[in-house]
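The values are calculated or read from the model by the stated rules, or taken from the named source; none is laboratory data. Computed from a prediction, not measured in an experiment: that's the story for all the values here. Here the Cβ positions follow ideal geometry from the backbone for every residue, glycine too, while neighbour counts run over all protein chains shown. The protein model used for the area step is the full one, side chains on, heavy atoms only, and it has no ligands, DNA or RNA in it. Shrake-Rupley method; radii C 1.70, N 1.55, O 1.52, S 1.80 Å.
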Amino acid sequence: MDQKTYELIGPDYPGNRAVDVKNPSLGWMIGFMFVVSFLGLFSLVALRKVMVIDYKLTYPSGTATAMLINSFHTTTGAELADKQVRCLGKYLSISFIWNCFKWFFSGVGNSCGFDNFPSLGLEAFKNTFYFDFSPTYIGCGLICPHIVNCSTLLGAIISWGFLWPYISTKAGDWYPANLGSNDFKGLYGYKVFISVALILGDGLYNLIKIIYVTIKEVMNARAKQGRLPLVQVQDDDEGCKLSAEKKHLNETFIKDSIPPWLAGSGYVGLAAISIATVPMIFPQIKWYLVLSAYVFAPLLAFCNSYGAGLTDWNLASTYGKIGLFIFASWVGQNGGVIAGLAACGVMMSIVATASDLMQDFKTGYLTLSSPRSMFVSQLIGTALGCVIAPLTFWLYWSAFDIGNPDGAFKAPYAVIFREMSILGVEGLSALPQHCLAICSFFFIASLVINLLRDVTPKNVARFIPIPMAMAIPFYIGAYFAIDMFVGTVILFVWERVNRKECDDFASAVASGLICGDGIWTVPSAILSILRIDPPICMYFKPSLTS
């Protein structure tokens, strides 16, 4: 939004107007954070039981965190617990040391190191098919069900193996050739909108299914003049009876419930305050536009939380781009650029916060923590973040030349997002050719696949892919799907070789790999702040031919 980004794009850039500028200010940034950041916490609280208990979503990072916490506080099964703790510590150390080793070869820039190792060949590497040696996603593959990992790989094959290479051949026909890699008018537009079409189809189907099942249960309960059970136990392969441990987890998670009326009234009240306040901060975005955002935000928050529960990917930025495009198009030439960027911030805040909260609920579920206490802690943490985050940004903004292409803090996404908003002002006509038709196909395909999963017998349905998991690599790339598939292959072989050992230690191994990778971010950030660059750039290119 700021003047510097406007000047970087240039006054001669079509649609880049001098009036569409709003420079950062500590006052309005803190105010904006306070009026939009809390809505995500209330948007999905009522569905926490559905996401964690009924759907049994894994939330790999949340599960790994719970495993680490439990390892320090376990009081039962001392011998097995001791072995699990040692196993977790062993693989945490391996993961940490491996990341340290990788750092020495990662050089400066985005093309060096093991993260860019063309393990399947240079041609496959161009289409993101490579193993990037990520302990986190190998760990996710060990935690996530086999069907989730296989679905992500299938989505990667469909998108990066066939669809994107085919659309790339249409450059100059379907869309202008020689566009930037983040230009909505080119291949990037297909990637974003088609992946979102799949995600929205899956999310919408499951949300309608939840509403239908809830209404059906209420009607049946009234007919029988009985009460709804606190926990709906779904049959599994081992029978209907839950283990004593599972019952204890479920009862604890349900006991300190957050009343639905509190979540609903909290969301409505905060939305009303935001609807009145956001137009004061950004006059370009009218009150009815903010209202529209808050009507549809819970659906997008559900989709993002559901996807994060399956694959550990938080796609808040993707939903933010969709909000940016829609609202910039809605407002049009007079203020559409600023309105789109503001709507992007609102949408990203809601869907990201909702996903993080649900992941924390998963951690709390596995650690027997009070959901009510966790929710209050989230409120306190969010309030602190609304002050600390703007202050931190303002410190950098005041001390450094943020956004300078030749400086240390280039902020390349500032230019990208502003150009997206300028493009959004032009409306759907600016999208590349056939983009909406392909999106419609994948949206309908997502609904059909979900319907097939529900109507076919269980022994068949378990082999039908999950559209939400398929959609993530459409946008992100194939490399993480390969990592997760490696994890699921290891788990599959381990189950066949020694099922009991696998059941006892697979979660510990996965948690160690994920936590070790996460802990490395701390020394990595310190090295970055101290401006200590890796000494070696390991880079691959085709060999010279005579």
TYR539 vs (1) in contact with a helix residue (DSSP H, G or I) (Cβ under 8 Å, 6 or more places away or on another chain); (2) without any contact (Cβ under 8 Å) to a residue 60 or more places away in the chain: all pass except (2)
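Which of the residues spanning segment 498-518 are assigned to a helix (DSSP H, G or I) and exposed (fewer than 15 other Cβ atoms within 10 Å of the Cβ)?
ARG499, LYS500, GLU501, ASP503
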Residue in segment 399-408 that is open to solvent by 70 Å² or more (accessible area, probe 1.4 Å) and in contact with a Gly (Cβ under 6 Å, 6 or more places away or on another chain) present
yes
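Out of all the residues in segment 360-373, which are closer than 30 Å to LEU200 by Cα, touching an Asp or Glu at 6+ places or on another chain (Cβ under 9 Å) and open to solvent by 40 Å² or more (accessible area, probe 1.4 Å)?
ARG372
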Only one of GLY518, GLY487, GLY477 is among the small types (Gly, Ala, Ser) and modelled with pLDDT of 90 or more; which?
GLY487
Just for segment 409-443: of the residues that are among the hydroxyl-bearing types (Ser, Thr, Tyr) and open to solvent by 70 Å² or more (accessible area, probe 1.4 Å), which one is nearest to MET348 (Cα to Cα)?
TYR413
Within segment 288-325, track down each residue that is at pLDDT below 85 and β-branched (Val, Ile, Thr).
THR311, THR318, ILE322
Please identify the pairs in which a residue from segment 72-100 that is under 14 Å from ALA508 (Cβ atoms) and modelled with pLDDT under 85 has its Cβ atom under 6 Å from the Cβ atom of a residue that is open to solvent by less than 50 Å² (accessible area, probe 1.4 Å) and part of a helix (DSSP H, G or I), counting only partners at least 6 apart or on another chain.
THR74/ALA81; GLN84/ALA508; VAL85/SER71
Meets criteria (in contact (Cβ under 8 Å) with a residue 40 or more places away in the chain, under 24 Å from VAL290 (Cα atoms) and open to solvent by less than 70 Å² (accessible area, probe 1.4 Å)) for PRO24:
yes
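Would you check if there is a residue in segment 246-265 being assigned to a helix (DSSP H, G or I), on the phi < 0 side of the Ramachandran plot and at pLDDT 90 or above? Break it down into steps so the answer makes sense when it comes.
Within segment 246-265, the subset assigned to a helix (DSSP H, G or I) is 246-255, 260-265.
Next cut, on the phi < 0 side of the Ramachandran plot only: 246-255, 260-265.
Still in the list and also at pLDDT 90 or above: 265.
Yes: segment 246-265 contains one or more residues that are assigned to a helix (DSSP H, G or I), on the phi < 0 side of the Ramachandran plot and at pLDDT 90 or above.
Only one residue in ILE526, ILE482 is within 22 Å of the chain's Cα centre (by Cα) and among the hydrophobic types (A, V, I, L, M, F, W, C), so which one is that? It would help to see each step written out before you state the result.
Details: ILE526 fails: within 22 Å of the chain's Cα centre (by Cα).
Exactly one of ILE526, ILE482 is within 22 Å of the chain's Cα centre (by Cα) and among the hydrophobic types (A, V, I, L, M, F, W, C), namely ILE482.
Restricting attention to segment 384-398, and to residues there that are in contact (Cβ under 8 Å) with a residue 12 or more places away in the chain and either in a loop (DSSP other than H, G, I, E, B) or over 22 Å from the mean Cα position of the chain (by Cα) (or both), which single residue is surrounded by the most Cβ atoms within 10 Å (Cβ to Cβ)?
First pass over segment 384-398, keeping only residues in contact (Cβ under 8 Å) with a residue 12 or more places away in the chain: 385-387, 389-391, 393-394, 396-397.
From the residues that got through so far, the ones that are either in a loop (DSSP other than H, G, I, E, B) or over 22 Å from the mean Cα position of the chain (by Cα) (or both) too are 387, 390-391, 393-394, 396-397.
Working: VAL387: 13, PRO390: 22, LEU391: 12, PHE393: 14, TRP394: 15, TYR396: 11, TRP397: 18.
Only one residue tops the list, namely PRO390.
LEU452: modelled with pLDDT of 90 or more and over 25 Å from the mean Cα position of the chain (by Cα), yes or no? Don't jump to the end; show me each part of the working.
Details: modelled with pLDDT of 90 or more: yes; over 25 Å from the mean Cα position of the chain (by Cα): yes.
Yes.
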The lone condition TRP160 fails out of (1) touching a residue at least 24 places away in the same chain (Cβ under 8 Å); (2) open to solvent by less than 20 Å² (accessible area, probe 1.4 Å) is (2)
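Looking at segment 205-225, can you tell me whether even one residue there is in contact with a Pro (Cβ under 8 Å, 6 or more places away or on another chain) and either surrounded by 14 or more Cβ atoms within 10 Å (Cβ to Cβ) or at pLDDT 80 or above (or both)?
Looking for residues that are in contact with a Pro (Cβ under 8 Å, 6 or more places away or on another chain) and either surrounded by 14 or more Cβ atoms within 10 Å (Cβ to Cβ) or at pLDDT 80 or above (or both), one finds none in segment 205-225, hence no.
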Regarding ALA461, is this residue closer than 30 Å to GLY121 by Cα and open to solvent by less than 40 Å² (accessible area, probe 1.4 Å)?
no
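Out of the residues in segment 473-497 meeting the condition of being among the aromatic types (Phe, Trp, Tyr) and crowded, with 17+ Cβ neighbours inside 10 Å, tell me which one is nearest to TYR137 (Cα to Cα). Show your work before the answer.
Filtering segment 473-497 for residues among the aromatic types (Phe, Trp, Tyr) gives 474-475, 479-480, 485, 492, 494.
Then keep just the ones that are crowded, with 17+ Cβ neighbours inside 10 Å; that gives 474-475, 479-480, 485, 494.
Working: PHE474: 17, TYR475: 17, TYR479: 10, PHE480: 6, PHE485: 9, TRP494: 17 Å.
The qualifying residue nearest to TYR137 (Cα to Cα) is PHE480.
Does segment 175-184 contain any residue that is assigned to a loop (DSSP other than H, G, I, E, B), at negative phi and touching a strand residue (DSSP E or B) at 6+ places or on another chain (Cβ under 7 Å)?
Here is the first cut: in segment 175-184, the residues assigned to a loop (DSSP other than H, G, I, E, B) are 176-184.
So of that shortlist, the ones also at negative phi come out as 176-177, 179-184.
Now drop any that are not touching a strand residue (DSSP E or B) at 6+ places or on another chain (Cβ under 7 Å), which leaves 177.
Scanning segment 175-184 turns up at least one residue that is assigned to a loop (DSSP other than H, G, I, E, B), at negative phi and touching a strand residue (DSSP E or B) at 6+ places or on another chain (Cβ under 7 Å).
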Only listed residue being over 22 Å from ALA352 (Cα atoms), part of a helix (DSSP H, G or I) and touching a helix residue (DSSP H, G or I) at 6+ places or on another chain (Cβ under 9 Å), chosen from LYS49, LYS22, LYS4:
LYS4
